[in-house]
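The values are calculated or read from the model by the stated rules, or taken from the named source; none is laboratory data. None of the values given here were measured: they were computed from a predicted structure. Neighbour counts are summed over all protein chains in view; Cβ atoms, including those assigned to glycine, are modelled from backbone coordinates with ideal geometry. We work out accessible area using only protein heavy atoms, side chains counted, and drop any ligands, DNA or RNA first. Shrake-Rupley method; radii C 1.70, N 1.55, O 1.52, S 1.80 Å.
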Amino acid sequence: MYNSNFKIKSDPVILGLESSCDETAAAVIRGRTLLSSKIISSATEQAKYGGVVPEIASRAHTEAVDEVVSLALSEAGVTLKEIDAVAVTYGAGLLGALLVGLSFAKSLAYTLNVPLIAVNHIRGHMAAAYLVDKDLKPPFITLLASGGHTAILHTKTFTEFEILGGTSDDAAGEAFDKVARVLGLSYPGGVNVERLAKEGENSVPLPKCQVKNTQTLQFSYSGLKTAVINYCHNKEQKGEKVDRENVACSFQHAAVDPLVKKTVESAVALNVNTVTAGGGVIANGYLRARLEEECTKAGLKLILPEKKYCTDNAAMIAAEGLIQYLSGNFAPMDINARAQIPLK
């Protein structure tokens, strides 16, 4: 019978599982040391349809989850008997895809009689920084930029944070994907916009992604996205060529610069000397360069996860799992997947 009264270890071995979208991922950590991280992706298959098809993603997860866990355990040199807890994404994401990972994690935790830890996917992105700097401790400021969320956060303790500001409409990742479609770029959109932007100049007049009141930390991508659409359509209607490279470059500047500016200003205003970042958009090379430049100017320490740990992965889920494990926050076996979860 499953025992929910577990003794907490100071340096546990945690298996993390991630299946919220089109990546089936598993990772193993011992404390804050990452032992392995493996991903089996269905992105190539999804690209045929211009985006993620939930049914295809769910089927791909079902086929890959056992294999990716075996690969992660093998690379880590760890056996199932050595696992102290299983951490898994239970939301937010595609419901069918989440259920595959959650069901597998439940079965494994029950069989091994170890804690099941339910991880909020977005909190996982925030926790990736803990694997970069093993000595990282709150307080710090986090720039979160993903396909579903854009926010500046003040992490006060390992389990408590304050949302300083966020997006009023689209998230940064959504805006990148929508602009990619306007420019005729294939899925995934963000990386292709960045690639095209490298060939262009910041010469197209576009509104910044911040609301008119420059004192607020709220962002808005709706107007920026619409401006790109209108610019391209007006050019086409006049029979003029759309300089896609310049549009991509100008959009990237307008979408990224305010995020960096407000993040650094928040750290300075709150007298916090460390900045971290998480989410798929943080893999953007221009954003990373701007963060490094502005944090250096302000005398702030910047902790950036490697690009592969910004996009969906299980290492970040295991990292957040460690935070929850040390807090004794274990999930019941009847927990269900959730397509949407509030950031806080």
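Here are the numbers for the structure shown:
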{"read-out": "Hits in region 295-311 (condition: open to solvent by 40 Å² or more (accessible area, probe 1.4 Å) and not hydroxyl-bearing (Ser, Thr, Tyr))", "value": "297, 298, 299, 301, 302, 306, 307, 308"}
{"read-out": "Which listed residue, of 344, 301, 307, is in contact (Cβ under 8 Å) with a residue 24 or more places away in the chain, closer than 20 Å to residue 165 by Cα and not hydrophobic (A, V, I, L, M, F, W, C)", "value": "344"}
{"read-out": "Yes/no for residue 302 being touching a Leu at 6+ places or on another chain (Cβ under 9 Å) and not in a helix (DSSP H, G or I)", "value": "yes"}
{"read-out": "Verdict on residue 257 being within 25 Å of residue 152 (Cα to Cα) and acidic (Asp, Glu)", "value": "yes"}
{"read-out": "Qualifying residue in region 318-327 (condition: in contact with a Pro (Cβ under 9 Å, 6 or more places away or on another chain), open to solvent by less than 40 Å² (accessible area, probe 1.4 Å), outside any helix (DSSP H, G or I) and farther than 20 Å from residue 39 by Cβ)", "value": "no"}
{"read-out": "Selected residue [farther than 30 Å from residue 210 by Cβ, open to solvent by less than 30 Å² (accessible area, probe 1.4 Å) and either in contact (Cβ under 8 Å) with a residue 60 or more places away in the chain or hydrophobic (A, V, I, L, M, F, W, C) (or both)] from 95, 116", "value": "116"}
{"read-out": "Test: residue in region 271-292 that is over 21 Å from the mean Cα position of the chain (by Cα) and part of a helix (DSSP H, G or I)", "value": "no"}
{"read-out": "Region 218-235 residues that are in a helix (DSSP H, G or I), paired with ones that are of a type in the set (Ser, Thr, Tyr) and surrounded by fewer than 20 Cβ atoms within 10 Å (Cβ to Cβ) (beta carbon under 9 Å, 6 or more apart)", "value": "222/168"}
{"read-out": "In region 193-207, the residues that are surrounded by 19 or more Cβ atoms within 10 Å (Cβ to Cβ) and not aliphatic (A, V, I, L, M)", "value": "194"}
{"read-out": "Contacts under 8 angstrom Cβ, first residue in region 248-259 being crowded, with 24+ Cβ neighbours inside 10 Å, partner β-branched (Val, Ile, Thr) and assigned to a helix (DSSP H, G or I), 6 or more apart", "value": "248/179; 248/193; 251/179; 251/193; 251/228; 252/193"}
{"read-out": "Residues located in region 155-168, provided they are open to solvent by 60 Å² or more (accessible area, probe 1.4 Å) and either basic (Lys, Arg) or part of a loop (DSSP other than H, G, I, E, B) (or both)", "value": "156, 158, 159, 160, 168"}
{"read-out": "Lone qualifier among 130, 110 - being of a type in the set (Phe, Trp, Tyr) and either touching a Gly at 6+ places or on another chain (Cβ under 7 Å) or open to solvent by less than 40 Å² (accessible area, probe 1.4 Å) (or both)", "value": "130"}
